Amino acid sequence: MGLKIFNTMGMRKEEFIPLREGEVRIYVCGPTVYDFIHIGNARAFVVADVIRRYLEYKGYKVIFVSNITDIDDKMIRRSQETGLSLQQLGEIYSNAYFEDIAALNVKKPDVSPRATQHIPEIIEAIEKLIQKGYAYQANGDVYFNVMKFKDYGKLSGNKIEALEMGARIEVNPKKKNPADFALWKAQKEGEPGWHSPWGKGRPGWHIECSTMAMKYLGETFDIHMGGKDLIFPHHENEIAQAEALTGKTFARYWIHNEWLTIEGQKMSKSLGNFITVRDALKMYDPQVLRFFLISAHYRSPLDFNKENLRLAKVNLMKIISALKRFVSLKEKTEGGDEEKNLLLNIRRAKQRFEKAMDDDFNTPLAIAAIFDIVKAINAYADKNVEIEKSAKREIYETVKSLLNVLGIEIEVKEKKYAEDQMALINGLMKLILEIRQEMRRRKEWRMADEIRDKLQKLGFLIEDTPKGTKWKLK
């Protein structure tokens, strides 16, 4: 079975066939940099990162673009509140964003375009929409006429008639239709602005993403991602603008992750449960946070609470402990049936991992496959202190590669860890045998024998010789 993706466009799973063989082009809506990102944002970025990593694991060349929105209403309000310029505000919070996603081991995008650096391209796109009859001017503003785009609503399922009757559409006498949205906003007093054919002003949010996506990925690209909250109006409007402009399909697959709740409630500043990634990282290890964020399927709700974070930590520690234990096994040149059976189990678990990820990136089932590996290597280590070298290498590399898909990087260097373990054991055994030798010198034979017997039960063979006491592992 090949990779299947649940496409929001059509609300069904579809076989993934890239536009260009061996290459996948992805656009992810990035942050509006007026504040620190919160853990709900983090879920979207981590989900996108896992999808990117799995596509790379499957051998695709991935071109990954995620924008920075550094001009919109929220940016302007925050700039006025803080007294910081728009540029200063953008720099502070875009740097913070990159620090936060790096802490969560999210790979940096190949391109991180900023809206303010693409004003000429945005103006050019708006001019073409006006020429094609999809947009109109109104006292320095420019609006997209949704009635002209016959497929409007095809992503979200929202119908224009329903939108016109809905109470959430802003009443604006400049608009021909209540559902029309702004492509260009005339400059107001105290606001930043750029020169345009319609007077000084700034772009609307939706046209920024459409323009930047097409500039770096082409008029049609493979995957567009973001949180569920972006389906309408943002992604719906992106589609309308882009497809009206080019007459081509904008993005072929739309992937949206579910919301993240806090203790069963929607995250909200008014409820006092708004948690930034920065604050979360003060409470939890970044690897634990990331593991938690992928513990549920991306299309399933996920609740940020102490119990779920505790479980994430426990499960991650089980994986780390098993891998460290496995790495400490001594190597031997020849293997037997136990190694063959272990390898067979690991290869089957790897297939289950890939099958889970091929089924719309099912991370919970993929993690379950990794725990099958954990169970197998622990069972082997319970009975053995050695393993054939090539089998050890294959298993170690398999686990590392699967964890890398999930973005979990465990600090285990095989040779160094084994050397450190043996150095520690050697030091402890030297100390214990020196104490035992002192007891023998004092003729405290019962205690000396008891130490020898207990060490033997732990797997250490003790031999008293004329040249001193020697030891070795069973």
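The values are calculated or read from the model by the stated rules, or taken from the named source; none is laboratory data. Everything numeric here is computed off the predicted structure, so don't read it as measured data. Note: ideal-geometry Cβ built from the backbone for every residue, glycine included; neighbour counts use all protein chains shown. Accessible surface is based on the protein model in full, side chains and every heavy atom, while ligands, DNA and RNA are left aside. Shrake-Rupley method; radii C 1.70, N 1.55, O 1.52, S 1.80 Å.
Per-structure values
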{"item": "Between helix 363-383 and the chain: long-axis angle, C-alpha atoms, 0 to 90°, nearest 10", "result": "10 degrees"}
{"item": "Karplus-derived 3J(HN,Hα), 6.51/-1.76/1.60, for each residue of the range 68-85, Hz, glycine and proline x", "result": "10, 8, 10, 8, 6, 4, 5, 4, 5, 4, 5, 4, 5, 5, 8, x, 7, 5"}
{"item": "Under 17 Å from Lys470, Cα to Cα: lysines that are on another chain or at least 8 residues apart", "result": "Lys430, Lys454, Lys457"}
{"item": "Three-way shape call for the range 1-132 based on the alpha-carbon gyration tensor, with the a/c threshold at 1.5", "result": "oblate"}
{"item": "Lysine pairs in the range 1-132 with Cα atoms under 20 Å, if 8 or more residues apart or on separate chains", "result": "8"}
{"item": "The range 419-464 shape via C-alpha gyration tensor axes, a/c threshold 1.5", "result": "oblate"}
{"item": "The chain, dipole about Cα centre (Lys/Arg Cβ +1, Asp/Glu Cβ -1), debye to the nearest 20", "result": "1520 debye"}
{"item": "Mean separation of Cα contacts under 8 Å, 6 or more apart, over the residue count of the chain: relative contact order %", "result": "16 percent"}
{"item": "Fraction of antiparallel bridges per DSSP, the range 1-112 only, in percent to nearest 5", "result": "40 percent"}
{"item": "When the range 249-325 is reduced to its Cα atoms, the Kirkwood hydrodynamic radius in Å", "result": "14.2 Å"}
{"item": "Fraction of beta bridges assigned by DSSP in the chain that are antiparallel (%, nearest 5)", "result": "50 percent"}
{"item": "About the Cα centre, charge dipole magnitude for the range 312-459 (Lys/Arg +1, Asp/Glu -1 at Cβ), debye", "result": "700 debye"}
{"item": "Contact order relative to length of the range 123-233, as percent, for alpha carbon pairs under 8 angstrom and 6 or more apart", "result": "24 percent"}
{"item": "The range 55-152: translational diffusion in µm²/s, Stokes-Einstein, Kirkwood Rh over Cα pairs, 37 °C, 0.692 mPa s", "result": "196 µm²/s"}
{"item": "Shape category assigned to the range 211-366 from the gyration tensor of Cα positions, a/c cut at 1.5", "result": "oblate"}
{"item": "Value in Å of the Kirkwood radius, where the chain supplies the Cα pairs that are averaged", "result": "26.0 Å"}
{"item": "Amide H contacts of Asn7 (H built 1.01 Å from N, under 5 Å, at least 5 apart or other chain)", "result": "Arg12, Lys13, Glu14"}
{"item": "Normalised alpha carbon radius of gyration of the range 284-430 [divisor 2.2 N^0.38 Å]", "result": "1.12"}
{"item": "For peptides 304-314, 173-183, sequence by mean Cβ density within 10 Å, most packed first", "result": "173-183, 304-314"}
{"item": "Sequence-distant residues sharing a close amide H with Asn273 (under 5 Å, placed H)", "result": "Ser268"}
{"item": "Share of carbon and sulfur in the accessible heavy-atom surface of the range 75-223 [1.4 Å probe, %]", "result": "48 percent"}
{"item": "For the range 2-15, 3J(HN,Hα) per residue [Karplus equation, 6.51 cos²θ - 1.76 cosθ + 1.60, θ = phi - 60°, Hz, x = Gly/Pro]", "result": "x, 5, 10, 10, 7, 8, 4, 6, x, 6, 7, 6, 9, 5"}
{"item": "Under 21 Å from the Cα of Lys159 - lysines, other chains or at least 8 residues apart", "result": "Lys148, Lys150, Lys175, Lys176, Lys228"}
{"item": "Probe 1.4 Å, protein heavy atoms only - accessible area per residue of the chain in square angstrom", "result": "50 Å²"}
{"item": "Span from the the range 212-281 Cα centroid across to the the range 447-473 one, whole angstrom", "result": "65 Å"}
{"item": "Residue among Met429, Ala135, Trp194 farthest towards the positive dipole end of the chain, charges placed on Cβ", "result": "Met429"}
{"item": "Loop-located trypsin sites (Lys or Arg not before Pro) in the range 197-237, at most 15 other Cβ atoms within 10 Å (DSSP)", "result": "Lys200"}
